[in-house]
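J.: Supplied in structure tokens, the structure appears directly below.
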Amino acid sequence: MTTLKHLPRSLISVLNYANRATVGRVLPSLLTVSLLGVSATANAGDFEQSPDFQLVRQTLIQQHGLTALEVDQALSEAHRLDWVVNLMNKPGESKEWYDYAPMFLRRATIQKGMRFADNYAHYLQDAEARYGVPQAVILGILGVETGYGSNQGKVSTLDALATLAFNYPRRADYFRNELGEFLLLCREQGWSPQSVMGSYAGALGFPQFMPSNIRKYALDFDHDGHIDFTRSPADSIGSIAHYLAEKGWQLDQPIGLRARFESSQGEDGNVRTSNDEAVIAKDLTQPIRYGVLSMKGLIPRTGYVDPAQPVNGIRLMGDSGPLYWITYPNFQVITTYNRSRMYAMAVWQLGTAVQNGDTDMQDLP
Ligand SMILES: [Ca+2]
């Protein structure tokens, strides 16, 4: 790794990032871009020419309460990472569940999760007892986010957030706020902004929290006086539980049940529902009483759901056709971490497999 020290930081980030197997194929084009950009990125002040420079600088000072010195120092040392913008602008792949699930539901990941669960059992139990969030959910999030800490990202958070704050207009306000929160976090935690590494979108550590969420929800769960998401699984475990509790986790309530869809017939013999669209939730934050869904043909495979219980119908595409679930509000709470239904399902299934030691994935929810 010592040879990397002589390369510009932006290129090192690219090389480190490219070690992640999922983006290996984009390496050649990224390298070309970075090598051409060496002279530009080797000098400080990549953002000073931006038309928004003064506006962002003033916002960071006035709204976030940073000092001019803190802001000027950070911005003059931040580098523009064009590849980050290119990656953010790439249309998202519309994967189906049958392609998505195998990325996370792997025997090796489950085994790793089981070792992690053994090593940190004390903190997992403590977090569940204190916040009511099941250990399986915490384990699922840590597995899907970073494979239990092994893929935390090696991109300079300062570079990533500054790049997105200045060069990604679609979500500029969001990333400008995260940049301000990040600099405040650095001040509070005594970090040097240039030393912090994370994902290319600015998420940090085992649980991949954005800086604003770290400031709002992070806990020093091992009581060593610091919040440390890159090295402390305990802080990560406690903080995930705290976050989900604050987002409305319902104590002792299920996440959901596997279901099947049946077209139903009315008393006149006419089919009432032949289309499963009628039972699939448009918006998970607007659950409806289960009694309404049951009349339209969504039935739990096993178990009982109270007709008055607010639920949602979920459909994901499996290898051999659609799969259905009836989900309780706790499933929606998982989607506050990442809005994708497939994400929440992967978290639930992976965490359950880890907790049950089900390496063959014989009994997934
Ligand atoms: Ca700590």
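J.: Hey, which lysines would be in cross-link range of K154, C-alpha to C-alpha under 26 Å, not counting anything within fewer than 8 residues on its own chain?
T.: K5, K90, K95, K112, K216
J.: Also, I was wondering about something else. Assuming 1.002 mPa s and 20 °C, estimate D for segment 179-232 with Stokes-Einstein, Rh taken as the Kirkwood radius over Cα pairs, in µm²/s.
T.: Reported coefficient: 190 µm²/s.
J.: Could I ask something else about it? At a 10 Å Cβ-Cβ cut-off, how would you order M345, M197, M210, M317, fewest neighbours first?
T.: By the 10 Å Cβ count, ascending: M317, M197, M210, M345.
J.: For R301 and E93, what does the FRET efficiency come to when R0 = 25 Å and r is the distance between their Cβ atoms, rounded to the nearest 0.05?
T.: E(calc), rounded to 0.05, equals 0.25.
J.: Would you mind ranking Y343, Y98, Y243 so that the residue whose beta carbon has the fewest other beta carbons within 10 Å leads the list?
T.: Details: Y343 19, Y98 13, Y243 24.
Least crowded to most crowded, the residues run Y98, Y343, Y243.
J.: Given contacts defined as C-alpha pairs under 8 Å and at least six residues apart, what's the relative contact order of segment 164-287, whole-number percent?
T.: About 13 percent, as a whole number.
Any read-out appearing in this document is the output of simple, stated calculations on the displayed coordinates, not a laboratory observation. A quick note: this is a predicted structure, and the numbers were derived from the prediction, not measured. A quick note on method: Cβ atoms are made from the backbone with ideal geometry, for glycine too, and the neighbour counts reach across all protein chains shown.
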